[in-house]
1. Answer yes or no: is there a residue in the range 82-103 that is within 19 Å of Gln51 (Cα to Cα) and either modelled with pLDDT under 95 or among the aliphatic types (A, V, I, L, M) (or both).
2. Could you grab me the full set of residues in the range 11-34 that are surrounded by fewer than 18 Cβ atoms within 10 Å (Cβ to Cβ) and either acidic (Asp, Glu) or modelled with pLDDT of 95 or more (or both)?
3. Which residue is nearest to Thr128 (Cα to Cα), if the candidates are limited to the range 44-93 and must be aromatic (Phe, Trp, Tyr) and touching a Leu at 6+ places or on another chain (Cβ under 6 Å)?
4. Scan the range 74-91 for residues that are among the aromatic types (Phe, Trp, Tyr) and assigned to a strand (DSSP E or B) and jot them down.
5. Could you please let me know if Tyr96 is in contact with a His (Cβ under 9 Å, 6 or more places away or on another chain) and closer than 24 Å to Asn146 by Cβ?
6. Counting just the residues of the range 51-73 that are buried (at least 22 other Cβ atoms within 10 Å of the Cβ) and assigned to a helix (DSSP H, G or I), which one comes out nearest to the chain's Cα centre (by Cα)?
7. Give, as residue ranges, the helices (runs of 4 or more DSSP H) completely inside the range 114-178 that count at least 2 residues that are modelled with pLDDT under 55 and farther than 19 Å from Cys29 by Cα.
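The values are calculated or read from the model by the stated rules, or taken from the named source; none is laboratory data. Worth saying up front: this structure is predicted, and the values here are computed from it rather than measured. Here the Cβ positions follow ideal geometry from the backbone for every residue, glycine too, while neighbour counts run over all protein chains shown.
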Amino acid sequence: MVLMFGMVLLSACGTKYAALPINEDVDICAICKMQVKDDAYATQLTTKDGQNYKFDDIGCMNQWKTENGTDNIGMDYVRDYNDKEWIEYSKATYVYDASLRTPMAYGILNFKDKPSAEAFIAEQGVGTIMTAEDLASHDWKQNTENMDMMGEHGHDEHGHGEEGDGNEMHQEGEMKEESGH
């Protein structure tokens, strides 16, 4: 009886919606069908009926939500840009700039807290702080200039291809000149 109560208590705490590890050998983005890398750009959601969907870019996850609605989502997660820890979508802080290179060119990075996002903006010299609520009214346009530069399948060498920690994403001056900043 105590064990049964413990299991009910754990399920009530939302553990059935925990973020799942990324398996690069088999995980494919539910929208663009590209490989999901075990990197800072990976996102995922689990529906209330237990279906898990993984995405290679937060923009792809947004497209899934637009097409399928949000009423059946048990939990959605993004990864911290700095340490790749999973964060609940609603609790993350976001940085947007069209010049930021992400796998599918949506230009949005995820951070576990506002000070981390502010530090990134101070270091890179670009970006706007956003919350999950702000993303609800975001235009979600892809930067076609970045997509043209990302090589085959829309993935750049930092987010999808070479090994690395992903922190080399924004080359100083490179993207600012090309995107008119």
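1. Yes - at least one qualifying residue is present in the range 82-103.
2. Step one: list which residues in the range 11-34 are surrounded by fewer than 18 Cβ atoms within 10 Å (Cβ to Cβ), which gives 11-16, 18, 20-21, 23-26, 28, 33.
Once the filter is applied, which keeps residues that are surrounded by fewer than 18 Cβ atoms within 10 Å (Cβ to Cβ) and either acidic (Asp, Glu) or modelled with pLDDT of 95 or more (or both), the range 11-34 yields Leu20, Pro21, Asn23, Glu24, Asp25, Val26, Ile28, Lys33.
3. Tyr81
4. Tyr77, Trp86
5. yes
6. Ile58
7. On the way: elements: 114-124, 132-135, 144-149, 174-178.
Ranges flagged: 174-178.
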